[in-house]
Structures are given as structure tokens and as C-alpha cells.
1. For V182, what accessible area in Å² do you get when you roll a 1.4 Å probe over the heavy atoms of the protein chains, rounding to the nearest 10?
2. Hey, can you rank 117-125, 71-79 by average C-beta count inside 10 Å, highest first?
3. Of K65/K211; K154/K231; K65/K228; K66/K211, which pairs sit farther than 31 Å apart, going by alpha carbon to alpha carbon?
4. Within the stretch 88-221, what whole-number % of the accessible surface is contributed by carbon and sulfur, with the 1.4 Å probe and all protein chains included in the calculation?
5. Calculate one ³J(HN,Hα) per residue across the stretch 128-142 by plugging θ = phi - 60° into the Karplus curve 6.51 cos²θ - 1.76 cosθ + 1.60, and present them in order as whole Hz with x for glycine and proline.
6. Probe radius 1.4 Å, ligands and nucleic acids left out: which of I90, I185, I249 has the largest accessible area, and how do the rest follow?
7. Can you work out ³J(HN,Hα) from phi for every residue in the stretch 154-163, in order, using Karplus 6.51 cos²θ - 1.76 cosθ + 1.60 and θ = phi - 60°, giving whole Hz and x for Gly and Pro?
8. Counting only helical runs of four or more DSSP H residues, what would the 222 nm mean residue ellipticity of the chain come to if each run contributes -39,500 (n - 2.57) and the total is spread over all its residues?
Amino acid sequence: MQTKLTLWKNIPLTFLIAILQTVISLIPGVLFLKNSSHGALILNYMILYLLLSDFFQLVGKNTYKKGRSMPIAIYGLKLIISAVLIYLIIRQTAIQFGIILLAYELFQMMIFSKQFYYVDSLFYSFTNAFFKGIVFNQLLTISYPFDYDFELIKPFIFSFLIVIFLTIFTQGMYSYLSRQPVFLILGVLSLIGIYYLVIQHYTSHQLETWKLVSFIVVTLLSLFLFMKTKKAKKKEFILNLFALASLVIYYFQ
């Protein structure tokens, strides 16, 4: 009974974190929508699809931490809703978009299984950051007829680093194999990498002074709140707020 009460108590905060993660996955692309021929058309469907996926991922990681798997019936319902949303996105764009989202579904399937300890792997860290930091933003910004240029990745390197920092730090909270110290060290290293990129952009006059100062303030405030907070779920919420604030500061024009 106590376990059920705890689960229901955490659902509102879990849903709020899912909303934050969805916004984090799309905010850089939303700020580039003016260059897109499809972004505005699929944005609503993308928000619904990612919100559903992010919520189920959080629930899935919770069950993984406890050494369990998500019930097949619940996961099956998620797959059906996801399939409908992917179909609606394909109707507005092209089959290539659907293939990318199906690849993301396969990625999520690994999360929901405890067999491979996927949430405890660095492959999960980089794959999650690749999708949320780069791929989803490019789905909103790429223009028809999809003549892809790898230069389009450059604007989203910062969002990739922010998401990988967020992913690694939260992996420690969900680790079933007790790898918290490893993820803590990797999280600090990823934050150093973010600051290296920010300072490099500042010294090359690609970043305004107010953005650098704001980013430092947000980092220090988030670090203070993170250290002061004891509950893991609230710590995760603070990390997501930091990621979102950092992206808004960086991509704001």
C-alpha cells in the first residue's frame, strides 16, 4: 500500500518533469522555425508524441531502478498511441520522418527492458542526447526536399551537450547497478565541456556578454538548489530547469 501511495504522490512531479524534457527537446528547433517548411505543421504532434514518450521513459526508468519491467499491457497502449502520432506526422511530412521516430521507439524499447541494463550504459547517454539534442530539433527545422547538410548539426551542438549532461546526471539517480559515482564524475566532465564551448563562443564573439553572465548565474543557482535539496525527484526537476534555462539563454535571439 505504501508503494502505491508513493507512486501516485510522485506522478504530478513526474509529469511536470516530462513536460520540461519535452520542451528541452524542442526549444532550440522552435527558435529556428522561421527557416522550416514543415516545423509549424508537425509541432503539435511532436509535442504530444514526445510528452507521451518522456512520461513513459520516466516511469520506465523508475521501474528499472527497482529491478522490474513495465507491464506489457501498459507498454502496448503506449505503442498504439505512438503509432497513431507517428502516422499523423508522416502525413504532414514524409516517410523519412516516420523512420526516424520508429528508430526512437526502438531506443525506448531498450529502456523499458531490464535485461540489458541499458539505462546504466553510456550508449544510452549518447543516444538520448543525439535524439533530444539534435535529431528532434532538426525534424522541426529541415526543409523540403531534404537535401541534408551536416553543417546543420552545428547550431545544435550546445543542446546536445546540455542534454548529455542532464542524461548522465539523472542516470546516476536511476542506476540499478549502483554506478552513481561514475555518472557523477562523467556529469562534471560534461559540464566542463559545456563551459569550454560557451567560453570558446564568447571569445570568438559568437556569444554576447549577457548570455555568458546569465549562464554562469543559472549554473551557480542550480548547483546551490541541487545541493540543498535532498529528494532525488526534486533534484531531477532542478536539473531539468537548469537545462531548459540554459537552452533559452543560448538560443534566444
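1. 80
2. Values: 117-125: 18.0, 71-79: 12.1.
Descending packing order for the listed peptides: 117-125, 71-79.
3. K65/K211; K154/K231; K66/K211, as the Cα separations exceed 31 Å there.
4. Values: 4870 of 6830 Å².
So the carbon and sulfur contribution to the accessible surface is 71 percent.
5. Computed from phi, the couplings for the stretch 128-142 are 4, 5, 5, 5, 7, x, 10, 4, 5, 5, 6, 4, 7, 10, 5 Hz.
6. Solvent-accessible surface, decreasing: I185, I90, I249.
7. My calculation for the stretch 154-163 gives 3, x, 9, 5, 5, 5, 4, 5, 5, 5 Hz in order.
8. Mean residue ellipticity, 222 nm, calculated: -26000 deg cm²/dmol.
The values are calculated or read from the model by the stated rules, or taken from the named source; none is laboratory data. None of these values were measured; they are calculated from a predicted model. Cβ atoms come from the backbone with ideal geometry, glycine included; neighbour counts cover every protein chain shown. In case anyone asks, the SASA skips ligands and DNA or RNA and just uses the protein heavy atoms, side chains included. Shrake-Rupley method; radii C 1.70, N 1.55, O 1.52, S 1.80 Å.
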